[in-house]
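First the structure, which I've put down as structure tokens, then a few questions once you've had a look.
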């Protein structure tokens with residue numbers, strides 16, 4: 001079953017009936033989760049995000065940011081300066097993903113701890 005709604009720009013969108021699938025649709029890309037991680041600390045400029053995320057190309061980062069803006073997870077503010085300054089900030093909806101990222105952080109920490117432990121001999 002597909003549910004419908006609207007993107008921020010007013011265009012129609014189709015959402016899966018399963019809430020887990022909906023969440024994955026919005027943040028399943030590796031870069032989107034890292035963008036969320038970095039913006040949870042506060043507003044960042046494009047260059048700051050690119051540097052903190054690492055090996056993402058400018059084109060891919062731009063695409064991911066546009067998709068996240070369209071889905072209502074972040075806002076993009078352009079300042080009329082020379083050169084233009086662009087900042088990205090999580091919306092309230094974007095911040096609502098914090099518990100999910102916290103759970104991922106905790107799970108990853110525990111996983112790394114378990115994998116790093118020496119194996120018991122039988």
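Is there a residue in segment 79-87 that is modelled with pLDDT of 95 or more and in a strand (DSSP E or B)?
Within segment 79-87, one or more residues are modelled with pLDDT of 95 or more and in a strand (DSSP E or B).
Which residue pairs have Cβ atoms closer than 7 Å, lie 6 or more positions apart in sequence or on different chains, and pair a first residue in segment 94-108 that is at negative phi and without any contact (Cβ under 8 Å) to a residue 60 or more places away in the chain with a second residue that is loosely packed, with under 15 Cβ neighbours inside 10 Å and not in a helix (DSSP H, G or I)?
98/40
Still on this structure, I have one more. For segment 69-93, what are the residues that are touching a strand residue (DSSP E or B) at 6+ places or on another chain (Cβ under 7 Å) and in contact (Cβ under 8 Å) with a residue 40 or more places away in the chain?
Across segment 69-93, the qualifying residues are 69, 73, 85, 86, 87, 88, 89, 90.
Quick grid of which residues meet (1) surrounded by 15 or more Cβ atoms within 10 Å (Cβ to Cβ); (2) more than 13 Å from the chain's Cα centre (by Cα); (3) at pLDDT 90 or above; (4) not in a helix (DSSP H, G or I):
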residue	(1), (2), (3), (4)
5	no, yes, no, yes
10	no, yes, no, yes
14	no, yes, no, yes
22	no, yes, no, no
34	yes, no, yes, no
59	no, yes, yes, no
63	no, no, yes, no
100	no, no, yes, no
103	no, yes, yes, no
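Could you check how many residues of segment 36-67 are touching a strand residue (DSSP E or B) at 6+ places or on another chain (Cβ under 9 Å) and touching a residue at least 40 places away in the same chain (Cβ under 8 Å)?
Residues in segment 36-67 being touching a strand residue (DSSP E or B) at 6+ places or on another chain (Cβ under 9 Å) and touching a residue at least 40 places away in the same chain (Cβ under 8 Å): 8 in total.
The values are calculated or read from the model by the stated rules, or taken from the named source; none is laboratory data. Remember, it's a predicted structure, so these values are computed and weren't measured experimentally. Glycine also receives a Cβ, built like all others from the backbone with ideal geometry; neighbour counts cover every protein chain displayed.
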